[in-house]
Every structure is written in structure tokens, then in C-alpha cells.
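Have a look at the structure below before the remarks.
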Amino acid sequence: GSVSIAGTMTYEDVTNVDAVGIITGRSLINAQKQVHVGTGVSVKAGGINVTAGITTVQAFQATTGTFSGHLGVGDNNPDTRLSVTAASGTDVVGKFTSTDANAWIQFRDNSTTDTAVMVGASGDNLLLRAGSNTRVYITSAGRIGIGDNSPDTALHVKSADNVLATFESTDADSLIEFKDNGTSDSILLGALGGDDLMLRCDAGDIRFYLGNNNEKARIDSNGRLLLGTTTEGHGNADDLTIATSANTGITI
């Protein structure tokens with residue numbers, strides 16, 4: 001065959017020249033435009049800048065920035081589009097950082113252009129957005145706001161609906177339990193058999209207040225009903241004590 005060299009070739013650049021082409025033994029290739037290796041690599045100038053950062057065997061494929069198949073980071077057998085596995089002892093598996101005040105991770109419905117769900121951070125607060133509106137706020141203090149962006153209690157629900165929340169159980173009895181952190185006693189509020197309202201207090205009294213801590217009635221731990229007073233009438237046998245505003249009292 002023949003060899004045609006359009007430019008200048010020096011001895012130190014080449015170790016062998018045959019009819020197929022040029023074989024070079026140098027460890028560095030400095031290409032100003034493109035490098036073509038068979039049909040496997042095509043890189044435009046400035047396209048790749050790697051310092052010992054990529055080691056792959058038939059696992060890294062992309063076309064115009066889109067990965068085909070499943071991508072595993074630390075996982076050599078990913079069964080989802082993206083599987084990230086951290087080494088043992090690493091409690092942070094992944095990190096998403098934005099220079100904006102709010103950082104969002106977006107999940108889209110493929111059938112529409114609308115944003116289905118967004119999970120993000122605003123400072124130290126966690127935000128959940130459905131559509132174009134943020135619906136749930138979890139503050140750094142552990143408070144949850146549903147429809148409220150500044151909850152001042154453990155759970156703050158704000159809605160334009162007349163029913164703020166629904167609690168439903170497949171059991172015949174649907175109960176909401178309130179526990180005192182210092183004891184195992186509970187207060188239960190719920191429905192019995194679907195038709196009866198139940199209020200149960202494991203210990204202490206059931207008290208009813210109006211105004212600012214202004215007690216108006218109570219059912220004490222002995223089962224007595226006291227209206228307008230906090231003490232029973234003539235004796236422990238009184239089941240109902242009613243006190244008037246003049247404190248004359250009516251005892252039955």
C-alpha cells in the first residue's frame with residue numbers, strides 16, 4: 001500500500017507506520033479537534049475533561065445527554081432508572097444542592113407537562129408541592145403545616161373546607177388516641193360501632209372550659225358530674241352538683 005502524510009511527522013511521534021495507518025507508543029494524545037477510535041468514541045473539542053474519573057465497561061451510554069436503561073451509582077445491578085448505593089458507614093446517600101434559596105426535586109407525569117410532585121427545601125424547612133402550590137410544610141422544629149406555611153403547633157391543618165380532617169378506620173370502632181408523655185395513660189376520642197360517640201379518660205377528670213382556662217364543668221374520676229363547681233355537694237354520694245352564679249348551688 002501507500003502512506004500519505006499531509007503535515008509534518010517527526011520520529012518521536014511514531015513507532016510504526018504500515019499500510020493501515022500510524023501506530024504511536026506515546027501515553028498522551030493531544031487532539032485539538034476530535035478523536036475517533038473506530039466507531040466507539042467521538043468527542044468534540046472541550047467536550048470531556050476527566051482526571052482519572054471514569055472507569056466503565058459497557059455501562060455508560062448516553063445520547064444527547066439522555067441515559068438509556070438503568071443507571072447505577074455504587075450499584076452494579078440497578079433495577080430502577082436511578083439506583084444510588086452508598087458505602088457502609090455513609091449515612092448520606094445523595095445530595096442535591098442549589099445556589100437558589102429553595103432547592104427542589106421534581107417528579108413529572110409523563111402524560112402531561114404539569115409538575116406532579118416537588119420535594120424541596122427552604123432553609124431548614126422541608127416542603128411538599130403538588131401542582132404549582134406548596135401543600136405541606138415541615139419545619140426544622142418538627143412541626144407540620146398542611147395548608148399553613150408557618151405552623152406554631154405540632155400539627156396545623158388549614159383548609160377552606162368545612163371539614164378540616166377525616167379519620168377513617170376499617171374497624172367498627174374508630175378512635176383517636178392522646179397520650180401523656182410521662183405515663184402510659186391515654187385519652188381516647190372516637191366512634192363506637194359507627195353510631196356512638198366515645199370519650200374515654202384513663203386517669204383524672206374530663207373537664208370542659210370556656211374562655212381562658214375558665215372551667216365550667218367536669219366529670220371527675222368518680223363519675224360525678226359537676227356544673228359550675230369543681231367540688232361535689234353535700235357528700236361523696238352526690239352524683240350531680242350544679243352551682244349557680246350566685247353560688248347558692250343546686251344539689252341533686
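Coordinate-derived values only; no laboratory data. Owing to the predicted nature of the structure, the values given are computational and were not obtained by experimental measurement. Every residue, glycine among them, receives a Cβ derived from its backbone with ideal geometry; neighbour counts consider all protein chains shown.
Across region 70-75, computed HN-Hα scalar couplings (Karplus, 6.51 cos²θ - 1.76 cosθ + 1.60, θ = phi - 60°) run 9, 10, x, 10, x, 9 Hz from first to last residue, x flagging Gly and Pro. Residue separation of VAL73 and VAL119 scaled by 0.36 nm, minus their Cα-Cα distance, works out to 14.4 nm of gained length. Modelled this way, with points 7 Å down the Cα-to-C-beta line, the labels at ILE242 and SER83 are 7.3 nm from one another. Segment LEU164..ALA203, full-extension length gain: 11.1 nm, with 0.36 nm per residue of separation and the alpha-carbon distance subtracted. Available extension along the chain between ALA191 and ASP220 is 8.3 nm, counting 0.36 nm per residue and deducting the alpha carbon span.
Built from the Cα atoms of region 116-157, the convex hull projects on average onto 2.6 nm², one quarter of its surface area.
Each principal axis of region 165-223 carries a Cα extent, and these read 37, 26, 25 Å when sorted largest first.
Distances between placed amide hydrogens fall under 5 Å for HIS70 paired with no residue 5 or more residues away or on another chain. Computed from the Cα positions only, the extents of region 88-204 along the three principal axes stand at 54, 39, 32 Å, in decreasing order. Protection proxy ranking of 160-167, 222-229, 97-104, by the mean of other Cβ atoms within 10 Å over each peptide's residues and highest first, is 222-229, 97-104, 160-167. Residue by residue, region 137-154 carries 3J(HN,Hα) couplings of 10, 10, 7, 5, 7, x, 8, 10, x, 9, x, 10, 8, 9, x, 10, 10, 4 Hz when phi is fed to the Karplus relation 6.51 cos²θ - 1.76 cosθ + 1.60 (θ = phi - 60°); x denotes Gly or Pro.
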